[in-house]
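Colleague: Take this structure first; my questions come after.
The values are calculated or read from the model by the stated rules, or taken from the named source; none is laboratory data. The structure displayed is predicted, hence computed values, not measured ones. Cβ placement follows ideal geometry from the backbone for every residue including glycine, while neighbour counts extend to all protein chains displayed.
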Amino acid sequence: MNVLEIATNQFRNRLAGELQFVEVDEWKDEKGNPIKIYFKSSMNFKQLQKVMKATQEGNQGEAILQTLILRALDEDGKPLFRQADMPDLLRQVDPEVVNKIVIAINSNEDNLEELKKT
């Protein structure tokens with residue numbers, strides 16, 4: 001097996017791992033329970049490039065929303081948002097709540113890496 005195959009297998013295994021979630025107390029379902037936003041432990045370079053592009057262009061809010069769009073999943077692993085949702089997300093969603101979600105998602109990724117080192 002060559003190095004590229006080893007690298008792609010490692011990343012595939014990482015993405016195939018169990019979905020993690022963050023509870024969003026501010027967003028309640030029809031029963032009044034906080035919704036759960038699920039996510040995978042990482043993004044690929046193509047996804048990361050969208051976030052980095054927005055950051056480099058000085059669009060911090062768009063970068064945060066790109067992270068949400070690319071990473072937020074339902075319990076079955078299906079995306080909760082689409083790129084077409086960006087205008088509504090930019091204008092009609094509480095930025096503090098979205099920022100909290102993205103921080104939690106990114107923090108969980110960092111925590112997983114730290115746990116693996118120990």
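Colleague: Here are some conditions: (1) touching a residue at least 24 places away in the same chain (Cβ under 8 Å); (2) in a helix (DSSP H, G or I). Ile103 meets all but one. Which one does it not meet?
Modeller: Ile103 satisfies all of (1) touching a residue at least 24 places away in the same chain (Cβ under 8 Å); (2) in a helix (DSSP H, G or I) except (1).
Colleague: Further, regarding this structure: Mind listing whichever residues of region 41-83 are outside any helix (DSSP H, G or I) and under 23 Å from Asp94 (Cα atoms)?
Modeller: The answer is Glu57, Gly58, Asn59, Ala72, Leu73, Asp74, Glu75, Lys78, Pro79, Leu80, Phe81, Arg82.
Colleague: Can I ask one more? Please work out if Thr67 is of a type in the set (Ser, Thr, Tyr) and in contact (Cβ under 8 Å) with a residue 12 or more places away in the chain.
Modeller: yes
Colleague: Next question. Quick one: in region 33-49, which of the residues that are under 11 Å from the mean Cα position of the chain (by Cα) and modelled with pLDDT of 95 or more is nearest to Gln10 (Cα to Cα)?
Modeller: Phe39
Colleague: Also: Mind listing whichever residues of region 39-60 are loosely packed, with under 14 Cβ neighbours inside 10 Å and among the basic types (Lys, Arg)?
Modeller: Lys46, Lys53
Colleague: Please state which of the following conditions Ile35 fails to meet, knowing it meets all the rest: (1) without any contact (Cβ under 8 Å) to a residue 24 or more places away in the chain; (2) over 16 Å from Val97 (Cα atoms); (3) in contact with a strand residue (DSSP E or B) (Cβ under 9 Å, 6 or more places away or on another chain).
Modeller: Failed condition: (2).
Colleague: Across region 1-24, which residue is farthest from the chain's Cα centre (by Cα) among those that are charged (D, E, K, R) and surrounded by fewer than 11 Cβ atoms within 10 Å (Cβ to Cβ)?
Modeller: Of all residues in region 1-24, those charged (D, E, K, R) come to 5, 12, 14, 18, 23.
Those left that are additionally surrounded by fewer than 11 Cβ atoms within 10 Å (Cβ to Cβ): 5, 12, 18.
Numbers: Glu5: 25, Arg12: 17, Glu18: 14 Å.
Checked region 1-24; the qualifying residue farthest from the chain's Cα centre (by Cα) is Glu5.
Colleague: Step by step: first the residues of region 50-81, then only those that are of a type in the set (Gly, Ala, Ser) and at negative phi, then the one that is nearest to the chain's Cα centre (by Cα). Which residue is that?
Modeller: The extreme case among them is Ala72.
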